[in-house]
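Novice: Quick one: structure below, then a few questions.
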Ligand code: PHE
């Protein structure tokens, strides 16, 4: 059964590429979720991704306590294509048209393959876009905030496992040194953590060296003996094959959609590995953007809300332990409770405009 409110698939009239927008839920408020511009063997794979990622955004918002819903946009680039500037512009205009047609039910933002400059282009067509550059009135790049929230999450895991959030000497494996992963690795290095890192792009090795981090291949790193594995790359890395190879106490990172199937959460629990759901760890970016742009929070307040991820994760791990369930089940339960309280369903007409003060739990 389709569990989403609406899914639009339209072949862009300028680019000829399929633009997929999945709006999972607007029960808590207008949906938000980034634009992923990525390579897929087939557009149907992009559709699968969009559906899963959009549902993840609904959970992300609900657990973060934001009055927003979840959605996602994916543009499937055929494997091997590199977009030149003109083609990229055409794609962004095509995406903007689809978003504009949704009339405020969904606003986009950056995700894998896109950033503030792309949001600026979309903003020429529709106001329903987050993270345009500051000069244009947006809140800018979300990745440093996602990284900060993920740092807060890792600290909470540290406190849960070792009784202290301090990360000095803690062995951490960061998977992926993209926009978020690189920021996060820097933050963790600054906390004195002992880092092992990887990226599918061997060119990233220079970054590892600059951080004093050990480098491993993407396959090897999963079996690294560390305290916490921190996924910050593309999804579905936790599978029935990879989980038995893990030699860590916990996995907590901002990469979206880390589990190949929901059952992997229990498999990890049986292996005595704490898995903190990605949609909890990775909320910082969207929390910051929504707080700054919709709720008009100042920089201090927005930062405080991002850092609140530490408490959210701490509470979640405590609740999971108390109730004898996985942290994933505890997070799902929190999300479900908040969605039920809002009474699912599609709201009248959502607006992308300043909203009343909210408290982020
Ligand atoms: N890429 C962000 C995420 O997955 C999505 C996002 C960031 C959306 C900022 C809007 C604003 O959470």
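Novice: Taking the condition more than 10 Å from the ligand (Cβ to nearest atom) and within 10 Å of the chain's Cα centre (by Cα), does residue 281 pass? First the steps, then the outcome.
Specialist: Numbers: more than 10 Å from the ligand (Cβ to nearest atom): yes; within 10 Å of the chain's Cα centre (by Cα): yes.
It is true that residue 281 is more than 10 Å from the ligand (Cβ to nearest atom) and within 10 Å of the chain's Cα centre (by Cα).
Novice: Only one of 178, 158, 192 is more than 22 Å from residue 327 (Cα to Cα) and crowded, with 18+ Cβ neighbours inside 10 Å. Can you tell me which? Before you say what the answer is, go through the steps one by one.
Specialist: On the way: 158 fails: more than 22 Å from residue 327 (Cα to Cα); 192 fails: crowded, with 18+ Cβ neighbours inside 10 Å.
Step by step, each of 178, 158, 192 is checked, and only 178 is more than 22 Å from residue 327 (Cα to Cα) and crowded, with 18+ Cβ neighbours inside 10 Å.
Novice: Now for a separate question. If you take the residues in segment 284-294 that are more than 7 Å from the ligand (Cβ to nearest atom) and under 30 Å from residue 266 (Cβ atoms), which one is nearest to the chain's Cα centre (by Cα)?
Specialist: 284
Novice: Name the single residue that is farthest from residue 94 (Cα to Cα) among those in segment 30-44 being outside any helix (DSSP H, G or I) and away from the ligand (no atom under 13 Å from the Cβ).
Specialist: Filtering first and then ranking leaves 41.
Novice: Still on this structure, I have one more. Is at least one residue of segment 229-242 away from the ligand (no atom under 13 Å from the Cβ), within 27 Å of residue 203 (Cα to Cα) and touching a helix residue (DSSP H, G or I) at 6+ places or on another chain (Cβ under 6 Å)?
Specialist: Yes - at least one qualifying residue is present in segment 229-242.
Novice: Sticking with this one: Yes or no: residue 153 more than 13 Å from the ligand (Cβ to nearest atom), assigned to a helix (DSSP H, G or I), within 15 Å of the chain's Cα centre (by Cα) and in contact (Cβ under 8 Å) with a residue 60 or more places away in the chain?
Specialist: On the way: more than 13 Å from the ligand (Cβ to nearest atom): yes; assigned to a helix (DSSP H, G or I): yes; within 15 Å of the chain's Cα centre (by Cα): yes; in contact (Cβ under 8 Å) with a residue 60 or more places away in the chain: yes.
Criteria met by residue 153.
Novice: Output the number of residues of segment 106-140 satisfying the condition of being in contact with a strand residue (DSSP E or B) (Cβ under 8 Å, 6 or more places away or on another chain), more than 9 Å from the ligand (Cβ to nearest atom), under 21 Å from residue 303 (Cα atoms) and part of a loop (DSSP other than H, G, I, E, B).
Specialist: Adding up the residues that qualify gives 1.
Novice: For segment 84-101, give me the residue count where each residue is in a helix (DSSP H, G or I) and either assigned by TED's automatic domain parsing to the domain that holds residue 262 or free of Cβ contacts under 8 Å to residues at least 12 places away in the same chain (or both). Talk me through it step by step, then tell me what you get.
Specialist: Filtering segment 84-101 for residues in a helix (DSSP H, G or I) gives 85-101.
Now narrow it down to the ones that are either assigned by TED's automatic domain parsing to the domain that holds residue 262 or free of Cβ contacts under 8 Å to residues at least 12 places away in the same chain (or both): 85-86.
Within segment 84-101, residues that are in a helix (DSSP H, G or I) and either assigned by TED's automatic domain parsing to the domain that holds residue 262 or free of Cβ contacts under 8 Å to residues at least 12 places away in the same chain (or both) number 2.
Novice: Another question, if that's okay. If a residue has to be buried (at least 18 other Cβ atoms within 10 Å of the Cβ) and touching a residue at least 40 places away in the same chain (Cβ under 8 Å) to count, how many in segment 313-328 make the cut?
Specialist: Taking segment 313-328 as the starting set, the residues that turn out to be buried (at least 18 other Cβ atoms within 10 Å of the Cβ) are 313-314, 316-317, 320, 326-328.
Still in the list and also touching a residue at least 40 places away in the same chain (Cβ under 8 Å): 313-314, 316-317, 326-328.
Of the residues in segment 313-328, 7 are buried (at least 18 other Cβ atoms within 10 Å of the Cβ) and touching a residue at least 40 places away in the same chain (Cβ under 8 Å).
Novice: Let me ask something else. List the number of the failed condition for residue 81; all other conditions in (1) more than 16 Å from the chain's Cα centre (by Cα); (2) within 16 Å of the ligand (Cβ to nearest atom); (3) in a loop (DSSP other than H, G, I, E, B) hold.
Specialist: (2)
Novice: For segment 163-175, name all the residues that are over 22 Å from the mean Cα position of the chain (by Cα) and touching a residue at least 60 places away in the same chain (Cβ under 8 Å). Walk me through how you get there before you give the answer.
Specialist: Filtering segment 163-175 for residues over 22 Å from the mean Cα position of the chain (by Cα) gives 163-171.
If the condition is that a residue be over 22 Å from the mean Cα position of the chain (by Cα) and touching a residue at least 60 places away in the same chain (Cβ under 8 Å), then 165 is the only one that fits.
Novice: Could I ask something else about it? Please enumerate the residues belonging to segment 256-278 that are in a helix (DSSP H, G or I) and either touching a strand residue (DSSP E or B) at 6+ places or on another chain (Cβ under 7 Å) or within 16 Å of the ligand (Cβ to nearest atom) (or both).
Specialist: 264, 265, 268, 278
Novice: Kindly establish whether residue 59 is touching a residue at least 40 places away in the same chain (Cβ under 8 Å) and assigned to a helix (DSSP H, G or I). Spell out how you get there, then give the answer.
Specialist: Numbers: touching a residue at least 40 places away in the same chain (Cβ under 8 Å): yes; assigned to a helix (DSSP H, G or I): yes.
The answer is yes for residue 59.
The values are calculated or read from the model by the stated rules, or taken from the named source; none is laboratory data. These figures come from a predicted structure and were not determined experimentally. Glycine gets a Cβ as well: all are built from the backbone with ideal geometry, and neighbour counts include every protein chain shown.
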